[in-house]
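The structure is given below, and queries will be raised subsequently.
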Amino acid sequence: MATPSTSLGASDSPSTSRAGQKRRWEDQSHRGGYESFAQYMREKNRKLNEQINVGSVKSDLFKGISIYVNGLTDPPALELRHLIVQHGGEYHTYYFYEKTTYTIASNLASSKASKLRKNEKVLRPSWITDSIREGKLKPEEDYLLLGNENEPDSSSNALLEGAKNPNFLSEFYSRSRLHLISTMAQEMRQWVQKLRSDGEPMEYESRRRLEHLVDQNFTELKSSYYGHFDFDCFFVSVALRKRPDLIGKPVAITHARTNSSGPGYSELASCSYEARKYGVKNGMLMRDALRHCPQLVCLPYEFDDYRATSMAIYQIVAGYTHDMRAISCDEMYVDLSAIARDKQITDIMGIVMQMRKDINAATGCPVSVGIGPNLLLARLATKKAKPNGQYMVENDPYAIENFMRDVKVADLPGVGYSVLSKLDTLNRVVETCADLSRIKVETLKKLIGEKIGKQLHDQSRGIDYTQLIDNRLRQSVSCDINYGIRLTTSEEFSNFIKTVADELYSKLKAAEMDAQSITLKLLIRSPDAPVNPAKFMGCGRCDAHTKSVQLANPFCDPVVIHREVMMLYEALKPPIADIRGIGVQLTKLCRKSAASIALQKRKDFFVKRKRNINWDFLLPKVPEKKIELPIREKFDVPSGLKKCLKREVLRDIVETSIEKVVDRKTTNAVLEYFYYRVLLSDVATTRNDYEFLENAVFDRAKSDSWLCLIGHLKEQVNRIACEKYGAKIIGSFDKTF
């Protein structure tokens, strides 16, 4: 049997690629006496390992560890081979799955990164040199070239390909906990609103379970009481229902597929109290969490279970009362006063105990409840109730003062970094509400602002005027993506914005609202930030750039959203390859009924649009030569445009497109038609055609994009007329032609 040749060249050289060797082997007539190419390669690799892994051994630092070097490295592959063998390790010229411990690389192409298997780890060359220098193995997580545990499953092509894939947005949202939380919070609010609008039932059946709490001497409830229901580690609690063997152990919920693939950059969405004892916190990176708690058990998201459990919770509470306020999928406020008055109960704690029992029996999830005479005290009491308990603040001035004394200012609702930093400028310690209550309200108003200063002053004393029922209209809808954004052309950006526009349209439609303002926010990679951040497909360190536009009329149209966002994009002119995050927010929302009435008021359509964007790119370029009357004698219509000036063209546009959404082709055709009408000094025809188009829009248009078009058309026609002739020709006139 012939001996296979063994070359010690670069492992990634084309001449030594496995595919190339297989082709050469198949071309040989005798094929070296081997029955298969696999047998040939096994023999070749055996001989290579015998040749390479020889030499004096100084230590057993890398004993049991094997490496494969991919591409150019510093130090080079030859030196790394020498170092790993010299310290007890093994060097592989090819990567062997489940045999090669680590791949060593300085860079890895995205195409190769996407093909990494579940347990493959890629380390930087410095892991070897640093370990040798310190005489011990350095933690591998500090040298990971990329956290492959953070990549989506290989089956999720949409997430691997990023924003270029048309299914990326839907796939991203299906795996996003933040999207689930925000969406479910809105769904629960709408569900509660509908519940209340349908009216109260004749009898709340669940209240029958409170008969044992009836007070025969009940006269009148001395105070109103509210309960703040907050579930303990909601995601973990739902997961443990199917895994009772993990109860009492440190558990976390994260996207990371398994602990064995190495800690990385996945964030913990939720962690059990057992994990928190080790210093693990919600939002902590996986790599940091495992340093605190190596035995941490990580479980995947179960979005369908979260949604079903959340709905079950709200339905259970609705069996007692409809006076509730939805905060999120696992948090709500409940008015307990009506229940107590109806059943003549003075034991508020007993009512809450029964409700907690019902919830736990139906869902298997523990819930903590804070009780107080207002929403603020109820919320702050919840912290003392956790885990799986309840705590009540009585409506007594002395009790409230004692309770608020030790509450930290940072725990007050609405207090964040901005407020705390301003309080630090007072040159005095302001850590607790006792400290805050000693500051005069005038000082707080001057420092923080009239409204927030007064609110903080009241909160430090346990005073809160917030109403349980929130009748405020929704202020905005948005779509923000800061993962997987890797675009190379404006066309790819436009295609992605189309999916964003569809998503926003769905949200507006579900909320039965229209919007009037659009804001585009782009996260642009910082100049000194790496092209590939530590987190796979993450945004990394970025600078935020925003631009907004307000339209004259409310809208609920994906085409309008797409068009306006693309205009904002063109105004920002970002470096497309450095965009790492895209956010679109719709604000100035109004109810559909109000929008419909506004659309019927013709005067609203002529309000000047508040925008900083130049619309001139929609118009043909105006000849630099100033045209003077009579236009017909001095201006010749280009032969290719004569057809567009036939009045039948405008009527064809109206007949074929008036009931559709205005697209760019229609916009350009209309603007072009009127542009040359103005230059031809055909004033009568221009006026008549504008009136014809305006009437058609008011009578037949089904999309408010037409209203935007004719409003802009009037501005442009009059602008060009004023520039060329010194007078407007539509609306009020400064001169008479």
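The values are calculated or read from the model by the stated rules, or taken from the named source; none is laboratory data. Computed from a predicted model, the values in this text were never measured in an experiment. Because the Cβ atoms are built from the backbone with ideal geometry, glycine has one as well, and the counts that use them run over all protein chains shown.
Kindly evaluate N388 against the criterion of being assigned by TED's automatic domain parsing to the domain that holds D230 and assigned to a loop (DSSP other than H, G, I, E, B).
So N388 fits the description; yes.
Please go through (1) of a type outside the set (F, W, Y); (2) at pLDDT below 70; (3) surrounded by fewer than 19 Cβ atoms within 10 Å (Cβ to Cβ) for N668 and return the number of the only condition it doesn't satisfy.
(2)
Filter region 299-346 for residues that are under 30 Å from T219 (Cβ atoms) and of a type in the set (K, R); which is surrounded by the fewest Cβ atoms within 10 Å (Cβ to Cβ)?
R341
Hey, another quick one. Within the group L504, L522, which residue is over 30 Å from K194 (Cα atoms), under 15 Å from the mean Cα position of the chain (by Cα) and either exposed (fewer than 14 other Cβ atoms within 10 Å of the Cβ) or not polar (S, T, N, Q) (or both)?
Details: L504 fails: over 30 Å from K194 (Cα atoms).
That would be L522, the only listed residue that is over 30 Å from K194 (Cα atoms), under 15 Å from the mean Cα position of the chain (by Cα) and either exposed (fewer than 14 other Cβ atoms within 10 Å of the Cβ) or not polar (S, T, N, Q) (or both).
Of the residues D689, D663, only one is charged (D, E, K, R), at pLDDT 80 or above and under 24 Å from H562 (Cα atoms); which? Talk me through it step by step, then tell me what you get.
On the way: D689 fails: under 24 Å from H562 (Cα atoms).
Of D689, D663, the one residue that is charged (D, E, K, R), at pLDDT 80 or above and under 24 Å from H562 (Cα atoms) is D663.
Could we say that R461 is surrounded by 14 or more Cβ atoms within 10 Å (Cβ to Cβ), in contact (Cβ under 8 Å) with a residue 60 or more places away in the chain and part of a loop (DSSP other than H, G, I, E, B) here?
On the way: surrounded by 14 or more Cβ atoms within 10 Å (Cβ to Cβ): yes; in contact (Cβ under 8 Å) with a residue 60 or more places away in the chain: yes; part of a loop (DSSP other than H, G, I, E, B): yes.
Criteria met by R461.
Which one of the conditions (1) closer than 16 Å to S490 by Cα; (2) crowded, with 19+ Cβ neighbours inside 10 Å does P575 fail to meet, given that it meets all the rest?
In the conditions (1) closer than 16 Å to S490 by Cα; (2) crowded, with 19+ Cβ neighbours inside 10 Å, P575 misses (2) alone.
Another question, then. Could you figure out which of (1) surrounded by fewer than 15 Cβ atoms within 10 Å (Cβ to Cβ); (2) farther than 18 Å from R474 by Cα; (3) of a type in the set (K, R); (4) touching a residue at least 24 places away in the same chain (Cβ under 8 Å) isn't true of K588?
Checking K588 against (1) surrounded by fewer than 15 Cβ atoms within 10 Å (Cβ to Cβ); (2) farther than 18 Å from R474 by Cα; (3) of a type in the set (K, R); (4) touching a residue at least 24 places away in the same chain (Cβ under 8 Å), the one that fails is (2).
So, one more: Given the condition closer than 16 Å to F235 by Cβ, touching a strand residue (DSSP E or B) at 6+ places or on another chain (Cβ under 9 Å), part of a helix (DSSP H, G or I) and polar (S, T, N, Q), answer yes or no: does some residue in region 310-333 qualify?
Yes, region 310-333 has at least one match.
Go through region 406-437 and give me each residue that's in contact with a strand residue (DSSP E or B) (Cβ under 7 Å, 6 or more places away or on another chain) and surrounded by 12 or more Cβ atoms within 10 Å (Cβ to Cβ).
Step one: list which residues in region 406-437 are in contact with a strand residue (DSSP E or B) (Cβ under 7 Å, 6 or more places away or on another chain), which gives 406-409, 431-432.
The answer is V407, K408, V409, E431, T432.
Surrounded by fewer than 17 Cβ atoms within 10 Å (Cβ to Cβ) and assigned to a loop (DSSP other than H, G, I, E, B), is that true of E723? Before the answer, list the steps.
Values: surrounded by fewer than 17 Cβ atoms within 10 Å (Cβ to Cβ): yes; assigned to a loop (DSSP other than H, G, I, E, B): no.
Taking the combined requirement at face value, the residue does not satisfy it.
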